[in-house]
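The values are calculated or read from the model by the stated rules, or taken from the named source; none is laboratory data. All values derive from a computational prediction rather than experimental measurement. Here the Cβ positions follow ideal geometry from the backbone for every residue, glycine too, while neighbour counts run over all protein chains shown. Accessible surface areas use protein heavy atoms only, side chains included; no ligands, DNA or RNA. Shrake-Rupley method; radii C 1.70, N 1.55, O 1.52, S 1.80 Å.
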Amino acid sequence: MNVLIDSTGTMYFADERETARNCPSCHAFSRMSPTAVPTFDELLLQKPRTIGVVLRCHACTAPVFLRYATRTFASNRVELSPQAFDVERTIEKFAFNYVPEDVETFFREALICYSHDQFQAFAAMCRRSAAVTFADLENSTKLRLFDSISDVREMAEIDQDTFALVMRIIFGGGPEPLLDLPMINTYQAAVLLEVMKDFLYQAYIRKGRLQHAMKVRKFFVQEAAARRVGRDD
């Protein structure tokens, strides 16, 4: 797709004045239109290697900041690279209901690291998230989590080497737990992300949801029993 700015300062995406992208604010895949673009005269004068533009998300109206590399400067147009660099990245989402605050703090930072392709920092924050979880739970729960996460390999058909590395990150660690972290690549980081989500779900969210559901059921049963007693009286 050709991306260009013409002599009037209008930005085009092929033959359209809009494009579609994932919004880092609302996470929707939405149509977007330019709201702030460098002037054509300024571009011809300075001939920058990269430029910044601001689009408006049609789903949430939030500004979306992009950086484009310039390709060609002509008398009536400036052609840009079709691939834009997101100045703001979409942060991986996770529902932290029932997760303790200290665990949430570390895993939120882990998600930010992952979303910015900082995979070694992501692995370190995952280990720290797991370490805080283990400190919060009893040893018997740690063994249960080990067994439940072990089932993930077969269900997700993860190769043995990758899964062993992921388990080493989550369950490894001695007196200096951050010093023996293995290096991970993009695929291994993606697997670690999904396993960590399941890890926290098994550790806190599943139990929290079940306990909440039981409390709600108990409340309605007691309410119904109280109404029946009231009618009998």
Condition met for Pro48 (under 26 Å from the mean Cα position of the chain (by Cα) and surrounded by 13 or more Cβ atoms within 10 Å (Cβ to Cβ)): no
In this structure, does Gln188 turn out to be within 30 Å of Phe85 (Cα to Cα), surrounded by fewer than 15 Cβ atoms within 10 Å (Cβ to Cβ), under 24 Å from the mean Cα position of the chain (by Cα) and touching a residue at least 12 places away in the same chain (Cβ under 8 Å)? no
Counting only residues that are in contact (Cβ under 8 Å) with a residue 12 or more places away in the chain and open to solvent by 80 Å² or more (accessible area, probe 1.4 Å), which one in the stretch 118-143 is farthest from Ile169 (Cα to Cα)? Asp136
Of the residues in the stretch 4-45, those that are of a type in the set (Asp, Glu), touching a residue at least 12 places away in the same chain (Cβ under 8 Å) and in a strand (DSSP E or B) come to Asp6
Name the residues in the stretch 54-105 that are surrounded by 14 or more Cβ atoms within 10 Å (Cβ to Cβ), of a type in the set (Val, Ile, Thr) and not in a loop (DSSP other than H, G, I, E, B), would you? Val54, Val64, Thr70, Val78, Val103, Thr105
Qualifying positions in the stretch 115-151 - under 17 Å from the mean Cα position of the chain (by Cα) and in a helix (DSSP H, G or I): Ser115, Phe119, Gln120, Ala121, Phe122, Ala123, Ala124, Met125, Cys126, Ser129
